[in-house]
1. Identify all aspartates and glutamates with a Cα-Cα distance to Lys11 below 16 Å; exclude those on the same chain that are fewer than 8 residues away in sequence.
2. Which residue, chosen from Pro173, Gly200, Gly97, occupies the Cα position most advanced towards the positive end of the dipole of the range 89-226, where the dipole is computed from +1 (Lys, Arg) and -1 (Asp, Glu) charges on Cβ about the Cα centre?
3. P(r) of the range 315-364 in 10 Å steps, Cα pairs, percent per bin?
4. Cysteines without a disulfide-compatible partner in the chain, using Cβ under 4.7 Å as the rule?
5. What Kirkwood Rh does the range 71-153 have if only Cα atoms enter the pairwise 1/r average? Answer in Å.
6. Between 0 and 90 degrees, rounded to the nearest ten: what's the tilt of helix 222-238 against the longest Cα principal axis of the chain?
7. Using a cut-off of 13 Å between beta-carbons, work out the net charge of the residues near Met1 (Lys and Arg +1, Asp and Glu -1, Met1 not included).
8. Taking Cα atoms, how many degrees apart are the long axis of helix 69-79 and the longest axis of the chain, rounded to 10 and kept between 0 and 90?
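Computed from the coordinates by the stated procedures, all read-outs in this text should not be read as laboratory data. Keep in mind it's a predicted model, so treat the numbers as computed, not measured. Cβ: placed from backbone, ideal geometry, glycine included. Neighbour counts: every protein chain shown.
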Amino acid sequence: MKYVDEYRDPKLARALVADIARRTSRDWVLMEICGGQTHTIMRYGIDELLPPGLELVHGPGCPVCVTPIETIDKAVEIASRPDVTFVSYGDMLRVPGSHTDLLRVKARGGDVRIVYSPMEALVLARANPDRQVVFFAVGFETTAPANAMAVWQAHREGLTNFSMLVSHVLVPPAIRLLLEQSTNRVQGFIAPGHVCTVMGYREYEDLVRDYRVPIVVGGFEPVDLLEAIRMLVAQLEEGRAEVENQYVRSVTAEGNLPAQRVMEQVFEVGDMKWRGVGLIPQSGFRLRPALAAHDADRIFGLSTVSADESPECIAAQVLQGLKKPVDCPAFGTRCTPEQPLGAPMVSSEGACAAYFQYRRHAMEPAGSRR
Ligand code: SF4
């Protein structure tokens, strides 16, 4: 398949691994931001192919994982109302709130539906004028244009029974926060290619200038990631700090301007709490006041009650690249994808789920491996 097979080519991958080893003269710590990239790294064992001392740590780029527990609680409360049809992507249903999750609301008879696009929620709203249809808009900049378009369309049609519970987060402020931490170990970042397809990569230039940290926009196939790692190592070894674009088949400097325009019309930027990380200034989208009629937060008048994570879960440190999932005492025992204690074990993009799926053998005694 074009644009897939050539990026999984073992010969190319081996050549890149050799080139990375040749260029690496000292220890470096690199972070891939996106959970999709983490899964590729685990699935293909890319971290195990790198020279000793070249460490990959995993960033907060799983939107399901960083959706605040308070927002999950709000979603549960809205979805439990008899007059509401609550619409969401499937991976949000099992994310634990402070007491329960959306899947249990559905099991108890709540009208919770899984869709693949916010436009499906619009169809439901048109067909069911006697019900409030609420879409759970979660994601990074990647999914924001489609969600913005759905709100814009609902507004244009005068649909009074369609609203969104918005929990959109933005990548550059999260990188800035990581770089501000005294505990930060990361010396180079692989920026998420899908986010940059929408937003371009100009917005990373401030970070490179302010912190002298190299950033390479990377794709999601193994050859993409190896090439992005090679580009980062080359910058670090040569003492350079620049924004570079490995994912040239999809990303341009400016990004998708029509998508940015519709986002701009519908959303404004505000402070946002990230699960496991805390409040990050100017790191999220919320609906503009002119679209308050479609803002589920305002329509249902829910107050935010702060909620506590499971005390065992070290997701905060995992999401900031300070610890690996296997460092968590609950990993693979009290916390599994079937019985998750924290969000990174739920989502298909979560780092803990990736380790559970591809790196469980690291936890098992050698004699028990098949
Ligand atoms: S393994 Fe489970 S409990 Fe541990 S950090 Fe990951 S999600 Fe949290």
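1. Reachable aspartates and glutamates: Asp19, Glu221, Asp224, Glu227.
2. Working it through, the farthest residue towards the positive pole turns out to be Gly97.
3. Cα pair-distance distribution for the range 315-364, in percent: 30, 63, 7.
4. Lone cysteines by the Cβ rule: Cys34, Cys196, Cys313, Cys328, Cys335, Cys352.
5. On the way: mean 1/r = 0.0773 Å⁻¹.
The Cα-based Kirkwood calculation yields 12.9 Å.
6. That helix lies at roughly 60 degrees to the long axis.
7. Working: positive: Lys2, Arg8; negative: Asp5, Glu6, Asp9, Glu221.
Summing Lys/Arg as +1 and Asp/Glu as -1 gives -2.
8. The angle comes out at about 30 degrees.
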